[in-house]
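Input: a single structure, listed below in structure tokens.
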Amino acid sequence: MIILYLALLACGVSLFVLSYVAPFRVAKLLRQRYPQHWQVIAEAGQGKLSGFRIWASMQQVLRSPALPALGDAAITRWQWIWRYSQWLGWACWLGALAMRLLLH
């Protein structure tokens with residue numbers, strides 16, 4: 001049982017790390033493959049955005065249906081990872097917590 005508990009914790013951590021890395025990977029792919037779309041995200045009407053504003057814009061882009069419309073499988077895959085890895089990470093952690101509470 002301890003192996004399952006530790007596996008759930010490790011899986012949860014790795015899924016949370018994936019949800020953190022995914023927006024950066026999508027941004028890199030957009031910069032490389034679709035520079036005109038990246039320019040719209042990175043520059044507002046006032047000029048260049050700060051790092052936080054770019055991050056906030058990326059969160060909106062990841063939630064929008066615009067990325068699947070590009071038809072790029074790699075970007076869509078990283079969007080899917082961003083969307084579902086947090087939920088699966090929480091499920092793993094809650095499963096480990098339930099094991100700990102029920103078995104003690």
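Across the range 82-104, what is the total count of residues that are open to solvent by 30 Å² or more (accessible area, probe 1.4 Å) and under 13 Å from the mean Cα position of the chain (by Cα)?
Qualifying residue count, the range 82-104: 6.
Of the conditions (1) more than 16 Å from the chain's Cα centre (by Cα); (2) touching a residue at least 60 places away in the same chain (Cβ under 8 Å), Ser19 clears all except one; give me its number.
Every condition holds for Ser19 apart from (1).
Would you call Ile75 farther than 30 Å from Met1 by Cβ and in contact with a Ser or Thr (Cβ under 7 Å, 6 or more places away or on another chain)? Show your work before the answer.
Values: farther than 30 Å from Met1 by Cβ: yes; in contact with a Ser or Thr (Cβ under 7 Å, 6 or more places away or on another chain): no.
Answer is no for this residue.
Restricting the search to the range 63-78, which residues are touching a residue at least 40 places away in the same chain (Cβ under 8 Å) and either within 16 Å of Leu18 (Cα to Cα) or of a type in the set (A, V, I, L, M, F, W, C) (or both)? First the steps, then the outcome.
Just the residues of the range 63-78 that are touching a residue at least 40 places away in the same chain (Cβ under 8 Å), to begin with: 67, 72, 74-75, 78.
Those that are touching a residue at least 40 places away in the same chain (Cβ under 8 Å) and either within 16 Å of Leu18 (Cα to Cα) or of a type in the set (A, V, I, L, M, F, W, C) (or both): Leu67, Ala74, Ile75, Trp78.
Criterion first (touching a strand residue (DSSP E or B) at 6+ places or on another chain (Cβ under 9 Å) and without any contact (Cβ under 8 Å) to a residue 24 or more places away in the chain) does Ala56 satisfy it?
Values: touching a strand residue (DSSP E or B) at 6+ places or on another chain (Cβ under 9 Å): no; without any contact (Cβ under 8 Å) to a residue 24 or more places away in the chain: yes.
The answer is no for Ala56.
Output the residues belonging to the range 22-57 that are of a type in the set (A, V, I, L, M, F, W, C) and open to solvent by less than 60 Å² (accessible area, probe 1.4 Å). Don't jump to the end; show me each part of the working.
Let us first name the residues in the range 22-57 that are of a type in the set (A, V, I, L, M, F, W, C), namely 22, 24, 26-27, 29-30, 38, 40-42, 44, 49, 52, 54-56.
Hits for the range 22-57 are Ala22, Val26, Ala27, Leu29, Leu30, Trp38, Ile41, Ala42, Ala44, Leu49, Ile54, Ala56.
Has the range 38-59 got at least one residue that is modelled with pLDDT of 90 or more and closer than 15 Å to Trp78 by Cα?
Taking the range 38-59 and keeping what is modelled with pLDDT of 90 or more, we get none.
Within the range 38-59 (the criterion being modelled with pLDDT of 90 or more and closer than 15 Å to Trp78 by Cα), the answer is no, since none of the residues qualifies.
The values are calculated or read from the model by the stated rules, or taken from the named source; none is laboratory data. Remember, predicted model here, so these are calculated numbers, not experimental data. Heads up, the Cβs are rebuilt from the backbone with ideal geometry, glycines too, and the neighbour counts pull from every protein chain shown. In case anyone asks, the SASA skips ligands and DNA or RNA and just uses the protein heavy atoms, side chains included. Shrake-Rupley method; radii C 1.70, N 1.55, O 1.52, S 1.80 Å.
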